[in-house]
Amino acid sequence: MHSHGKLSRRTVLQGMLLAAAASALPPLDTLAQEEKPGTRPIPSTGERLPAVGLGSWITFNVGNDPVLLAECTAVMEHFFQGGGRMIDSSPMYGSSQATIGHGLRQLGAVDQVFSTDKVWTSDADSGPAQIEESRAEWGVPRFDLLQVHNLVAWQAHLKTLFEMKEAGEVRYVGITTSHGRRHDRFERIMRNEPLDFVQLTYNVVDREAEQRLLPLARERGIGVIVNRPFQQGRLTERLASEPLPAWAEEVGAESWAQFILKFIISHPAVTCAIPATTRVDHVRENMAAIGPPLPDDAMRQRMAAYVRDL
Amino acid sequence: MSGVMSEWWTYRAEDFLLFSPRVYWRLIELHNQALWPWQLLALLLGVLILASMLRPRPWSDRLIAALLAAAWVFVAWNFLWQHYATINWAMVYVVPLFVLQALLLVGIGTLKGDLSMPARWSIPRILGIALFLHALLLHPLLPAYAGRSISTAEVFGIFPDPLAIATLGMLTAAIPRHRAWPLLVIPGLWCLLSWLTLDTMEVRGAWVPLLAVVAAIAGRLWPRAR
Ligand SMILES: NC(=O)c1ccc[n+]([C@@H]2O[C@H](COP(=O)([O-])OP(=O)(O)OC[C@H]3O[C@@H](n4cnc5c(N)ncnc54)[C@H](OP(=O)(O)O)[C@@H]3O)[C@@H](O)[C@H]2O)c1
């Protein structure tokens, strides 16, 4: 009880100080990015993030292969050039964290990246050690966002992450799922925990999240990161042989990848989509999708119906 | 737990594949380049084992087990631990099994001398020698069949697939058969894992390690000639 009282007193004090500072002058970051097209505010702070990020599952797991490491660095370089910030990884993704660390060092981009990683271990006690290992692989002073990967041991890990946030060792806290799995539990956690972000699968054909999770995220002020925008490439491959509708140019989509990304990031609950790629031309294409024009709701329905009927 | 149980069937094999085929074959290729020309020595040792299987001598059974054990340790350390593990963290759990296989080979084969190569032809012996021959000579040629560069050739003693298949071959031929069974488990499991990996990558010839397991089990279960 005692320590709890102390904790909340500190939180209240911090909150008052922050509120005072915020009313006096908005944070520089927010001001600078306010006008940037293609950014979205993180609901819990208002800090703005580019609406397209970069995933690293499979694509960045290249081991020590120098040629492939250089290719990944080039992808990161064009990602940053295109205005990107959020890179997502996990200790589950083989050497991907080390690849990102390599790229950040080569590009001197540690300050540019919005570092997003996960904790993924069923042994709750080894969470902090795993996070520290991940941080060292990235070579960042601290992570911007840490998420509980696929809700593995989520109670214990969330506790750790909230404590880290309190201590200033991470800026945002979230949870992830994919493939439409575990949405019931996901929803319960979203209702009960003070999350900054959730990460889930959503695209022009996998639309289950529209039912409950996306509206709930808006209601609760939780940022949404969208994984598997292209169904790990299956969707873009399938659509490759189909013609883009003539009206795609009305939303500024020059390719199926852009068509899909624009569909995703135009959902009002979505903060950011995180396609993964090994290719410079693809990362450029994906980053180019963040700008206007974006579809309105009627157009979004039309886009989804078009793909469904192909 | 119930959540895990109810969602397991939504997974496909490709959800567990951590790397792309391109990364995998480049890993093999770079490993081959780094080791060249030691592949030749490994092949030579393989020929020595094969010769000892065809014409067993009093000392050769223990030697075969010792050479295979050395290869299991070498492949575990050199390929699995130092290279494959960089793209596949599951190898951290596989390496101890490879070392265990080496210990079993040394314990049962070399120290106790409980594994003998038969001198007379039988179905198990034919299958065993065929498996060993495949591992030694045909397996490195699979890239030609699969449409890959020969620089991705997997040679006995350097890469786990031909090593596991060769070991299955030796154990399929070995007598008495009840001594061979416990040693079949780890190479058999490796071949199944490899089959799943290659099949998920849609590699032509992915069925080869699976066929090796089937052949080994068939050979071991073959009714004894009277
Ligand atoms: N449970 C979780 O926490 C979870 C689960 C799944 C994913 N994620 C995260 O979400 C990220 C994205 O998901 P994902 O990687 O599974 O799938 P994805 O982003 O939907 O698809 C990646 C594939 O799309 C292709 N691609 C990318 N840009 C393209 C373009 N412009 N045109 C055509 N093809 C393109 C890429 O191939 P090329 O290399 O040829 O471009 C790549 O193979 C992951 O990397 C990971 O960070 C998290």
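The values are calculated or read from the model by the stated rules, or taken from the named source; none is laboratory data. None of these values were measured; they are calculated from a predicted model. Every residue, glycine as well, gets a Cβ built from its backbone with ideal geometry; the counts of neighbours run over all protein chains shown. Surface areas here come from the heavy atoms of the whole protein model, side chains and all, with no ligands, DNA or RNA. Shrake-Rupley method; radii C 1.70, N 1.55, O 1.52, S 1.80 Å.
Inspect all residues belonging to the range B:160-168 and state whether any of them is touching a residue at least 40 places away in the same chain (Cβ under 8 Å) and either in a loop (DSSP other than H, G, I, E, B) or open to solvent by 10 Å² or more (accessible area, probe 1.4 Å) (or both). Checked the range B:160-168: no residue is touching a residue at least 40 places away in the same chain (Cβ under 8 Å) and either in a loop (DSSP other than H, G, I, E, B) or open to solvent by 10 Å² or more (accessible area, probe 1.4 Å) (or both). Restricting attention to the range B:52-70, the residues that are in a helix (DSSP H, G or I) and open to solvent by less than 50 Å² (accessible area, probe 1.4 Å) add up to 10. Taken over the range A:100-125, the criterion of being in a helix (DSSP H, G or I) and either charged (D, E, K, R) or closer than 27 Å to A:I222 by Cα (or both) is satisfied by A:I100, A:R105, A:A124, A:D125. All conditions in (1) within 14 Å of chain A (Cβ to nearest Cβ); (2) in contact (Cβ under 8 Å) with a residue 12 or more places away in the chain hold for B:Y11, with the sole exception of (2).
I'd like the residue in the range A:283-310 that is open to solvent by 80 Å² or more (accessible area, probe 1.4 Å) and of a type in the set (D, E, K, R) and, out of all such residues, is nearest to A:L54 (Cα to Cα). The qualifying residue nearest to A:L54 (Cα to Cα) is A:R284.
For first residues located in the range A:58-71 and at the interface with chain B (Cβ under 8 Å from one of its Cβ atoms), partners that are of a type in the set (A, V, I, L, M, F, W, C) and surrounded by fewer than 21 Cβ atoms within 10 Å (Cβ to Cβ) and lie 6+ apart or on another chain with Cβ distances below 7 Å form the pairs A:I58/B:L18; A:N61/B:L18; A:V62/A:L69; A:D65/B:L30. For the range B:171-204, the candidate set comprises residues that are among the basic types (K, R) and within 23 Å of B:A65 (Cβ to Cβ); within that set, the residue that is least open to solvent (accessible area, probe 1.4 Å) is B:R177.
Only a single item in (1) surrounded by 12 or more Cβ atoms within 10 Å (Cβ to Cβ); (2) in a helix (DSSP H, G or I); (3) within 14 Å of another protein chain (Cβ to nearest Cβ) is not met by B:W89, and it is number (2). Within the range A:76-91, restricting attention to residues that are near the ligand (Cβ under 8 Å from one of its atoms) and assigned to a loop (DSSP other than H, G, I, E, B), the residue that is nearest to the other protein chains (Cβ to nearest Cβ) is A:S90.
In the range A:233-262, of all residues being within 12 Å of the ligand (Cβ to nearest atom) and out of contact with any helix residue (DSSP H, G or I) (no Cβ under 8 Å at 6 or more places or on another chain), the one that is least open to solvent (accessible area, probe 1.4 Å) corresponds to A:G233.
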